[in-house]
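Enquirer: Handing you a structure now.
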Amino acid sequence: MRDLARLVYIVFIVLRYGLDELALSSFRQRWVRGLARAVGMGRRLDAPRGARLRMALERLGPIFVKFGQVLSTRRDLLPVDVADELAKLQDDVPPFPAEQAVALVEAAFGRPLDQLFASFEREPVASASIAQVHFAVLNDGREVAVKVLRPGVLQIIDSDLALLRVLAGWADRYSADGKRLKPREVVAEFDKYLHDELDLVREAANAAQLRRNMEGLDLVLVPEMMWDLCTPGVIVMERMNGVPISQVARLREAGVDFKKLARDGVTIFFTQVFRDGFFHADMHPGNIQVSLAPRTFGRYVALDFGIIGTLTESDKDYLAQNFIAFFRRDYKRVAELHLESGWVPAGTRIDELEGAIRACCEPYFDRPLKEISLGQVLLRLFQTSRRFNVEIQPQLVLLQKTLLNVEGLGRQLDPELDLWSTAKPFLERWMDAQIGWRGLLERFKDEAPRYAKMLPELPRLLHDALAAQARVRPAAHGDSPTEALLAAVLSEQRRTNRLLQAVLYAGVGFLLGLLAVEIWQRWPG
């Protein structure tokens, strides 16, 4: 009955904001379209479709708001106006009672609150659909933040996800856009994303990895996790003191250098992407602060690590080569990269893809480099790729969404920020690490332990191979066993010499090729 009541309420909100006009108009059945026209009679829908969808999700509650936020990252699937509106969704909900928070903390650790903390602030400092945060002080005097999962949130999420699966099934089966929009896959992605967020230990592990990666950069502060006080439902971390980056006037009054802050933000992001392949993927202003403490003045403070993006070596190679080819106007290379990635159907004509990419990228070169948005470049490439039935990988869509956030934040702090001049050194270092001398040496270093283990075994392996070959090779008529074995050894030696010679030639050719590429890369112009 509860699920039925919830479904009725969803239908009411859908009709109230005219979402039926958006959803039912794409269905193939005539009676469904007729129903949409009949239901819509007499209604005035003045607001744009994206705004109506955003307001409806806000009325449906926190889980649907979170779904809209995740959906806004899939700009490869959504129209631009809808994606822009969904990006405005704010995950800000009333806090649950402090008594419940205290009970959850005590249940998680099996001890009374006064044994865990010297003090505990019952008024939360932040509240969202998944969890809320309280400040506290440990018995040893350390200031901490306590993140507590909302009570009953798992049941609420599972109930609403079940309804979303039903709606996605209908859209997939009956909607003309079902195949392109992939509603079942989007809901499944949302399901995984939400359940990952429900495990706070996973978030703590993300924070620990990011903190380790950022050590030595001296540009960003990441809270330390108190692992003795971390459970799937409650985590305790170092309290971070900073000013939200949205409070520009306060930061300016404190003397923060905004140009440096903007450059540092871009440096942090590209370091995480191209050096580590592990990046904070929820870098909206609510999760970013700036430290005003004397020792760490002007450094970023990162918060909330529930959403982390990861990139493989092939992902990083794809991105770096795409950006470099784009700024060289080498559109054929961009098209080849799409084909090499395996995301374009085998029958795609490279000249057609090259022409489409040229049409999407060439307009950017009428602007100064500082006005070019790398996030928009990626977005246009993804939109072009969709025309050729390219399967865009979720991690790259997440990267593109985060890159747009970083660019927007950077240019808000410094309108003159030249993102390309900051990004170019990372791209060049990445390419040098892949195809230059440094990359060759690094790969030899990585493989050295394996070779060191194999080398002592080579004589035994060669002896076993020769002995086995001598056993299976028939002796010539009249040959003694010793003569047959000697002939086998000589034959194997000649074959080994030929193999070594081929390896030597290939190695020399490979090194000459590397040298040629290195000279080409460093050649002026």
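The values are calculated or read from the model by the stated rules, or taken from the named source; none is laboratory data. No experiment lies behind these values; they were computed from the predicted model shown. Quick reminder, even Gly has a Cβ in these numbers, built from the backbone with ideal geometry, and neighbours come from all protein chains shown. What goes into the accessible areas is simple: the full protein's heavy atoms, side chains included, and nothing from ligands, DNA or RNA. Shrake-Rupley method; radii C 1.70, N 1.55, O 1.52, S 1.80 Å.
Enquirer: For the range 111-130, give me each residue that is open to solvent by 10 Å² or more (accessible area, probe 1.4 Å) and part of a strand (DSSP E or B).
Expert: ALA118, SER119, PHE120, ALA126, SER127
Enquirer: Condition first: open to solvent by 40 Å² or more (accessible area, probe 1.4 Å), on the phi < 0 side of the Ramachandran plot and not in a helix (DSSP H, G or I). Now tell me which residues in the range 251-264 satisfy that.
Expert: Correct list: ALA254, ASP257.
Enquirer: Which residues, counting only those in the range 133-159, are touching a helix residue (DSSP H, G or I) at 6+ places or on another chain (Cβ under 7 Å) and assigned to a strand (DSSP E or B)?
Expert: HIS134, VAL146, LYS147, VAL148, LEU149
Enquirer: Got a sec? Which of VAL290, VAL234, VAL248 is closer than 27 Å to GLU416 by Cβ and open to solvent by less than 20 Å² (accessible area, probe 1.4 Å)?
Expert: VAL290
Enquirer: Exactly one of (1) surrounded by 20 or more Cβ atoms within 10 Å (Cβ to Cβ); (2) modelled with pLDDT under 90 is unmet by THR312. Its number?
Expert: Only one criterion in (1) surrounded by 20 or more Cβ atoms within 10 Å (Cβ to Cβ); (2) modelled with pLDDT under 90 is unmet by THR312, namely (1).
Enquirer: Answer with yes or no whether THR267 is open to solvent by less than 60 Å² (accessible area, probe 1.4 Å), among the polar types (S, T, N, Q) and within 25 Å of GLN155 (Cβ to Cβ).
Expert: No; evaluated as a whole, the condition is false for this residue.
Enquirer: Filter the range 272-302 for residues that are touching a Phe, Trp or Tyr at 6+ places or on another chain (Cβ under 7 Å) and of a type in the set (Ser, Thr, Tyr) and give the result.
Expert: SER291
Enquirer: Further question on the same structure: Determine the pairs where a residue that is in contact (Cβ under 8 Å) with a residue 12 or more places away in the chain, located within the range 98-114, has a partner that is open to solvent by 40 Å² or more (accessible area, probe 1.4 Å) with Cβ atoms under 6 Å apart, the partner being 6 or more residues away or on another chain.
Expert: ALA98/ARG122; GLN100/PRO151
Enquirer: So, in the range 253-295, exactly how many residues are more than 26 Å from ASN322 (Cα to Cα) and touching a residue at least 40 places away in the same chain (Cβ under 8 Å)?
Expert: Number satisfying all stated conditions: 13.
Enquirer: Consider the range 188-201. How many of its residues are part of a helix (DSSP H, G or I) and in contact (Cβ under 8 Å) with a residue 60 or more places away in the chain?
Expert: 7
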